[in-house]
Amino acid sequence: MLSQEEQSRIRESIKAVSVRATSSIQKCTNAWQAIVFLKSLNSSIDAVTSEPQSLALTPECKAGCSFCCSVKVEVSDPEAIQIARHVQDLPQDEKVKLIEKLKLVAAHKANLTTSGRSDCAFLEAGLCSIYAIRPSVCRKAHSLSVKACEELAPEIPQNLNLLLQCEVIVAGANEAFQKNNLHVGKYELSSAVLAALANVNAAEEWFRGKPLVCETGKALKSGGENAASAFHPDVA
């Protein structure tokens with residue numbers, strides 16, 4: 001439990017991040033400039049997670065360890081749109097196969113209980129195929145016990161200081177997006193990417209303040225019919 005003083009410091013830190021991020025986002029003149037801001041957000045999180053930790057608090061995560069890639073992952077509107085762009089730019093055969101996989105995973109995730117597992121659609125041979133643009137929730141995810149992850153323990157031991165630093169960055173950035181009338185909801189990854197793929201104007205509509213529509217049924221239906229060709233943004 002955090003003390004009132006600690007909570008106050010966290011709020012001040014979030015405010016400081018928000019002020020800096022708001023200034024950067026205000027300078028964006030189109031959707032893709034705002035989405036590219038995610039690079040700055042992700043770099044900040046990566047800097048925190050790459051800092052040396054005490055031996056007792058060093059995460060046991062390593063390449064090939066993908067237990068956390070089988071639980072539900074939530075993404076924001078700009079994250080989903082950015083990943084959808086990556087999917088759209090894949091070779092046609094790869095894109096079609098991945099969209100079908102996204103549809104299957106989205107349907108399964110919709111019925112997934114907290115005790116169940118279903119591999120992420122972007123997981124390939126135990127590795128993340130979108131590692132460079134993976135969501136912030138994946139970047140900050142870590143565990144001090146691989147065994148706890150493997151057993152899907154109710155509580156995963158984590159480095160609280162590391163986690164709080166990441167949370168401050170994400171909360172401050174999200175607050176900045178919202179101050180600029182840019183929606184940052186929380187959606188299941190596969191459904192959100194399908195929704196973004198199915199809407200050719202997803203990025204532009206988001207930049208005008210419209211939330212990404214991620215109703216699973218609608219995303220699955222339109223995703224299969226239109227996603228392979230609908231989403232093709234111009235380079236900012």
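Comparison of L102, L90 shows that the only residue that is within 16 Å of A196 (Cα to Cα), assigned to a loop (DSSP other than H, G, I, E, B) and not β-branched (V, I, T) is L90. So, P59, is that one without any contact (Cβ under 8 Å) to a residue 12 or more places away in the chain and more than 19 Å from the chain's Cα centre (by Cα) or not? Considered against the rule, which asks whether it is without any contact (Cβ under 8 Å) to a residue 12 or more places away in the chain and more than 19 Å from the chain's Cα centre (by Cα), P59 comes out as no.
To keep it simple, each residue is scored yes or no on (1) out of contact with any His (no Cβ under 9 Å at 6 or more places or on another chain); (2) within 15 Å of E74 (Cβ to Cβ); (3) not aromatic (F, W, Y).
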residue	(1), (2), (3)
Q165	yes, no, yes
V168	yes, no, yes
L182	yes, no, yes
S191	yes, yes, yes
N199	yes, no, yes
A202	yes, no, yes
G209	no, no, yes
L212	no, yes, yes
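Against the conditions (1) touching a Leu at 6+ places or on another chain (Cβ under 7 Å); (2) touching a residue at least 60 places away in the same chain (Cβ under 8 Å); (3) within 20 Å of K186 (Cβ to Cβ); (4) buried (at least 18 other Cβ atoms within 10 Å of the Cβ), K103 satisfies every one except (3). Each residue in region 111-163 was checked for being aliphatic (A, V, I, L, M) and more than 17 Å from the chain's Cα centre (by Cα), and 10 pass.
Among residues of region 1-21 that are not in a helix (DSSP H, G or I), those with a Cβ under 8 angstrom from a residue that is not basic (K, R), sequence gap 6+ or separate chain, pair up as L2/I10. Checked against (1) assigned to a helix (DSSP H, G or I); (2) at pLDDT below 95; (3) surrounded by fewer than 16 Cβ atoms within 10 Å (Cβ to Cβ), T113 passes all but a single condition, namely (1).
The values are calculated or read from the model by the stated rules, or taken from the named source; none is laboratory data. Because the structure is predicted, anything quoted here is derived from the model rather than measured. In this analysis, Cβ positions are derived from the backbone assuming ideal geometry, glycine residues included, and neighbour counts consider all displayed protein chains.
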